Structures are given as C-alpha cells and as structure tokens.
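Visitor: Before anything else, here's the structure in question.
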Amino acid sequence: MPSDLFDLSGKIALVSGASRGIGEAIARLLAQHGAHVIVSSRKIDDCSAVAGAICEAGGSAEAFACHVGNLEDITRLFEHIRSAHGRLDICVNNAATNPYFGHVLDTDLGAYNKTVDVNIRGYFFMSIEAGKLMREQGSGAIVNTASVNALQPGPMQGIYSITKAAVVNMTKVFAKECGGLGIRCNALLPGLTKTKFAGALFDNDDIYKIAVQGIPMGRHAEPEEMAGTVLYLVSDAGSYTNGECIVVDGGMTI
C-alpha cells in the first residue's frame, strides 16, 4: 500500500481556468504533491504567471493558452500534450463563464451561446480528448468543476445554473462509460466561493446575504478549500471514487 496516498509524482495534470481562483488553487496544490501541471486558461501571460510561481516554489509546471469554448484551441492543446508528454493522468475541467446576471426572461442569444459553448461543449470535448489519452494508458482521472447551482439554481443565474446541471449528468455519463477503461470521472460542486468569477454575488449585499444563509457554516469559502477535494479525487486516496458529485459548501463537505 502506498505510504503517501496523495503522492502525484510522475503524474501529468491539466487544469483549465487555472490562471486564478479555484483553478489556480487546484494547480498549485497538485504541483505541491508532485504532479507536473499544465496551467491553462485563455491568456498566456496569466497562465505563465501561475506556472512561474509554481516553479519558483519548487514545483513543476508549464503554461498553455486555451479557450475551451474554441474547439481549435482544444485540439492544439491536446496535440501539445501528446507530443510533449505522451500521456495525461489528470484532467481538471475548471474553466467556465457566466456572462449574464439577470432575470432569465431577459437572457439573449449571445449570452446563451457563450455559456453553453464553454460550460457544456468545452467540458465535453476536453473530457473526450483527455479520455482518449487515458484510454491508451489504461488509467486516468477527470474532475469537472460544477456548482451547487446545479442542484438549486442561483438567483439571476439561470443559464449558468442550467449548464452546471448538465455538467453533473455529463460527469455521470463519462464515469459510467469510461470506468471500465480505468478512467474515473467525478464532479466538484463548490458553494459560494470568494473569486473574481463570483464577483457579482459578492457585490450585491442582498443576494450575498441570501446565499450565505443557505450555507451550513454561515460563511463563504476560499478557493484553497476547494482544491483539497480535487486532490483527494485524483489521488490514490480517492481511487475508488467514480461518478460521485461532491458538494463543498462554505468549506464543509456534505
């Protein structure tokens, strides 16, 4: 039995949306436990800053720009991974978008398309490309960052909540169909977390108060509190998990 169930030495990990917030926290933690992390998001400068910080701290990382709403970007990313590393052990689909905050009846086509392209289509084809590499090696772990909004729609976040519900079922589909190939797929459902992405919730006192009231610990979470769950899911400690959707609400695992 391994002496360190969280040892990721020799593992290649891809984290999308890793230039800040929850994705950055995940990338840093995976690197701290020995993984070589491919830090990915839309802007290469932001990716490079995080990858550089990881390397300065003694970890191993590289930066690669990828907009997951662009299928050509996904193709280029995985061509690089195959060429440079020949394998992929961990894929964390964390990049997401929420361009519209308002009443569902006022959602326009542009906001709808952008949200669906990134949050559903992007996760789907990132998982397919990761899964193909993992199938070849007979092992791998995929984690999708969904949201508690998948279970209970957030106020003024209609289309975002809908896409996150789709991510939960997508996770179950991949878990069921890929488990026999040695590929595990699980989902993280963060609660209210202090990130730039969630800025609209923190800027609106009325909505923030409502959100906090529904959290068992009565407070919002920090990005670092999400990262530990992902480490568990992709490590030997979580090797028996598949198809599980773990809710992390206010720092408390439910």
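The values are calculated or read from the model by the stated rules, or taken from the named source; none is laboratory data. Everything quoted here is computed from the prediction, not taken from an experiment. Virtual Cβ from ideal backbone geometry, glycine too; neighbours counted across all protein chains shown.
Visitor: Just checking, which of 133, 151 is under 27 Å from residue 228 (Cβ atoms), in contact with a Leu (Cβ under 8 Å, 6 or more places away or on another chain) and either at pLDDT below 95 or of a type in the set (D, E, K, R) (or both)?
Guide: From the options 133, 151, the qualifying one is 151.
Visitor: Something else now. Every residue in region 129-162 that is among the hydrophobic types (A, V, I, L, M, F, W, C), closer than 21 Å to residue 66 by Cβ and buried (at least 23 other Cβ atoms within 10 Å of the Cβ), please.
Guide: Within region 129-162, the first condition is being among the hydrophobic types (A, V, I, L, M, F, W, C), and the residues that meet it are 130, 133-134, 141-143, 146, 148, 150-151, 156, 159, 162.
Next, only the ones that are closer than 21 Å to residue 66 by Cβ stay: 130, 133-134, 141-143, 146.
Within region 129-162, 130, 134, 141, 142, 143, 146 qualify.
Visitor: Considering only residues that are surrounded by 24 or more Cβ atoms within 10 Å (Cβ to Cβ) and in a helix (DSSP H, G or I), look in region 30-39 and name the one that is farthest from the chain's Cα centre (by Cα).
Guide: 31
Visitor: Something else: Report whether or not residue 237 is in a helix (DSSP H, G or I), aliphatic (A, V, I, L, M) and modelled with pLDDT of 65 or more.
Guide: So residue 237 passes the test.
Visitor: Among all residue pairs at least 6 apart or on different chains, which show Cβ distances below 7 Å where the first residue, located in region 104-129, is more than 22 Å from residue 181 (Cα to Cα) and the second is surrounded by fewer than 16 Cβ atoms within 10 Å (Cβ to Cβ) and not basic (Lys, Arg)?
Guide: As it stands, the answer is 111/99; 114/99; 115/99, since those pairs meet every condition given.
Visitor: Is it true that some residue in region 114-124 is part of a helix (DSSP H, G or I) and farther than 15 Å from residue 68 by Cα?
Guide: Looking through region 114-124, none of the residues is part of a helix (DSSP H, G or I) and farther than 15 Å from residue 68 by Cα.
Visitor: State whether the residues of region 75-83 include one that is surrounded by 16 or more Cβ atoms within 10 Å (Cβ to Cβ), out of contact with any Lys or Arg (no Cβ under 6 Å at 6 or more places or on another chain), without any contact (Cβ under 8 Å) to a residue 60 or more places away in the chain and acidic (Asp, Glu).
Guide: No: region 75-83 contains no residue that is surrounded by 16 or more Cβ atoms within 10 Å (Cβ to Cβ), out of contact with any Lys or Arg (no Cβ under 6 Å at 6 or more places or on another chain), without any contact (Cβ under 8 Å) to a residue 60 or more places away in the chain and acidic (Asp, Glu).
Visitor: One residue is enough: does region 102-111 have a residue meeting the conditions within 18 Å of residue 8 (Cβ to Cβ) and outside any helix (DSSP H, G or I)?
Guide: Checked region 102-111: no residue is within 18 Å of residue 8 (Cβ to Cβ) and outside any helix (DSSP H, G or I).
Visitor: Is it the case, given these coordinates, that residue 70 is touching a residue at least 12 places away in the same chain (Cβ under 8 Å) and either under 19 Å from residue 170 (Cβ atoms) or under 18 Å from the mean Cα position of the chain (by Cα) (or both)?
Guide: Judged against the criteria, residue 70 is not a match.
Visitor: Additional query: How many residues are over 26 Å from residue 6 (Cβ atoms) and small (Gly, Ala, Ser) if we restrict to region 25-51?
Guide: Looking only at that region, the number is 1.
Visitor: Sticking with this one: Quick one: in region 169-188, which of the residues that are small (Gly, Ala, Ser) and part of a helix (DSSP H, G or I) is nearest to the chain's Cα centre (by Cα)?
Guide: Step by step, filter region 169-188, then rank; the result is 175.
Visitor: A further question follows. If you scan region 138-168, which residues turn out to be touching a residue at least 60 places away in the same chain (Cβ under 8 Å), in a loop (DSSP other than H, G, I, E, B) and within 23 Å of residue 37 (Cα to Cα)?
Guide: Within region 138-168, 146 is the sole residue that qualifies.
Visitor: Return the only residue of 87, 42 being in contact with a helix residue (DSSP H, G or I) (Cβ under 9 Å, 6 or more places away or on another chain) and either loosely packed, with under 15 Cβ neighbours inside 10 Å or in contact (Cβ under 8 Å) with a residue 60 or more places away in the chain (or both).
Guide: 87
Visitor: Of these, 167, 173, which one is closer than 17 Å to residue 131 by Cα, crowded, with 20+ Cβ neighbours inside 10 Å and at pLDDT 95 or above?
Guide: Exactly one residue qualifies, and that residue is 167.
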